[in-house]
Amino acid sequence: MPQYFTIHRKYKLLLCGCLVVSVFLVVIGLFYIHKQRKSHQNIFEIDEYDDDGVYNSRDISVFLDVGLPKRVNPNHFKNNHVSTRMVPKILVNGFRAIHMVDMTPDHTPGQVEDNFYKYLELKEINCLDDRRLGHEHDGGWNVCFSPPLGFTMPCLIYSFGIGDDWGFEDQVSKSHGCQVLAFDPSIHKDDHNRSNLIQFRNLGLGGVNEVTEKGWHLKTLKTHLKDRKHTNATIDYLKFDVEYYEWDCLQSMIWDQSIRNVKQLAFEIHTVEYFKQDMHASKQDYMRMFKLLTQLELMNFKRFNYRKNPFGEFRSTVTGVKRSCCYELFYINMNLVDLKYVLYAS
Ligand SMILES: *[C@@H]1O[C@H](CO)[C@@H](O)[C@H](O)[C@H]1NC(C)=O
Ligand SMILES: *[C@@H]1O[C@H](CO)[C@@H](O)[C@H](O)[C@H]1NC(C)=O
């Protein structure tokens, strides 16, 4: 009998111990949840009056990613147009990308390279409803859906450089009813209609109207628009992935202003390392690429995202830093966005 009692007591003690530990863990857990709630609370607050009332983790992560103050409260932004009923979801960060890097030819090649890549990864604005359509990774394209952007019918999309991948074109036409004009001279397909909304032409985008050595027929954006009677039409989205021709294309579409009616602009840039990893971009190359991108910004195209292409990675022989030859860059034409949809970071 006494033996039985000792064992019983032991169990009792053990049970008490477990109970104390459990209560302790529950208290810690509740405290942690409370703390988490508190730190997120203010992020939700900014959306308090939002009409759609849909919050998703992407919104929040984008928000945190921006490096905005943790306590996000509408008073941190100054904009007289903001009504209490709609809180805009296009945020203009308080800096000019062009002022954030010092790209002068007096710098060493290493400094110029550093500055160029730093510049590529700056976002002057944040679109809180930024969705990648088409494939999630390579082949997808980011679209800003924050009002007043996004696709509502009738919408018009120009897409240059298709390759084998119709993911984006199919999705924007099927899910959003957009008309898509698609072009690619490199896939040797005849003109055809992929669907009642997608038309394909065996033509490409170029800096001048020309036929290349490979027999590709290239036209400038201005000529394409003229041919389709879209000179003054609003283009909801223009994307191009044209394997290094993008620099000449950019130069011509900035010079002739044919992108002025483009709401969202997306393209992949390539440095010379794209062709051969042991080639490297010279100081002049970097200066030219930088100048073209800043000219876009001077036209009021602001970058809302970028994507470094992981397949294009190489190690720079100049700086020893791992870089990528290829970045997708995503812009909004702020000339076509009413200020009431925009919040300015103070
Ligand atoms: C493709 O569709 C367009 C517009 O719907 C039409 O005008 C054109 O004739 C069609 N082309 C072909 C080759 O079916
Ligand atoms: C486009 O708009 C401009 C300026 O409003 C006008 O001068 C021009 O004739 C228009 N072009 C076409 C093709 O409609």
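We did not get these values from a lab; they are worked out from the coordinates using the rules stated. Please read all numbers here as calculations on a predicted model, not as lab measurements. Glycine also receives a Cβ, built like all others from the backbone with ideal geometry; neighbour counts cover every protein chain displayed.
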- Provide H188, H224 in ascending order of the number of other Cβ atoms located within 10 Å of each residue's Cβ, fewest first. H188, H224
- Item | Derived scalar couplings ³J(HN,Hα) [the stretch 261-278; Karplus, 6.51 cos²θ - 1.76 cosθ + 1.60; whole Hz; x for Gly, Pro] | 9, 8, 7, 10, 10, 9, 8, 9, 9, 10, 9, 4, 4, 4, 7, 7, 5, 8
- Message: Could you check the spin-label model distance between A345 and Y244? Points 7 Å from the Cα along Cα→Cβ, value in nm.
- Response: 3.6 nm
- Task: Report ³J(HN,Hα) in whole Hz for each residue of the stretch 133-150, in order, from the Karplus equation J = 6.51 cos²θ - 1.76 cosθ + 1.60 where θ = phi - 60°; Gly and Pro get x.
- Result: 9, x, 6, 5, 9, 4, x, x, 9, 7, 10, 8, 10, 5, x, x, 8, x
- Task: Take the Cα atoms of the stretch 253-321, build their convex hull, and give its volume per residue in Å³.
- Result: 115 Å³
- Among 140-147, 252-259, the order from most to least packed when residues are scored by Cβ within 10 Å on average: 140-147, 252-259
- Message: How much of the DSSP bridge set in the stretch 189-332 is antiparallel, in percent, rounded to the nearest 5?
- Response: 75 percent
- Query: Along the stretch 98-106, what does the Karplus equation 6.51 cos²θ - 1.76 cosθ + 1.60 (θ = phi - 60°) give for ³J(HN,Hα), rounded to whole Hz, x for Gly and Pro?
  - Reply: 4, 8, 8, 10, 10, 9, 10, x, 6
- Message: Under a Cβ-only charge scheme (Lys and Arg +1, Asp and Glu -1), can you give me the dipole magnitude of the stretch 150-221 about the Cα centre, in debye to the nearest 20?
- Response: 180 debye
- Where in the stretch 248-346 are there trypsin sites (Lys or Arg not before Pro) that are in a DSSP coil and have at most 11 other Cβ atoms within 10 angstrom of their Cβ? K276
- Task: Tell me which residues come under 5 Å, amide H to amide H, from H135 once H is placed; ignore anything under 5 positions away on its chain.
- Result: G140, W141, F168
- Name all residues of the stretch 171-195 having a backbone nitrogen under 15 Å from the label point set 7 Å from the Cα of D227 along its Cα→Cβ direction, giving them as ranges. 181-193
- Note on the structure: Note to self: Kirkwood Rh of the stretch 195-245, Cα pairs, one decimal, Å, is 12.2 Å
- Query: Using a ≥ b ≥ c from the Cα gyration tensor of the stretch 107-244 (square roots of the eigenvalues), is it rounded, prolate or oblate, where a/c under 1.5 gives rounded and otherwise the larger of a/b and b/c decides, a/b for prolate?
  - Reply: oblate
- If you bin the C-alpha pair distances of the stretch 199-305 every 5 Å from 0, what whole percents do you get? 2, 11, 20, 25, 20, 13, 7, 2, 0
- Length gained if Q199 through T108 is fully extended, taking 0.36 nm per residue and subtracting the Cα-Cα distance, is 28.0 nm
- Taking amide H positions as placed in the peptide plane 1.01 Å from N, state which residues far from V337 in sequence (5 or more) or on other chains have amide H under 5 Å from it. none
- Query: For the modelled label position 7 Å from the Cα of R260 along Cα-to-Cβ, which residues of the stretch 288-307 have backbone nitrogen atoms closer than 18 Å?
  - Reply: 295-302
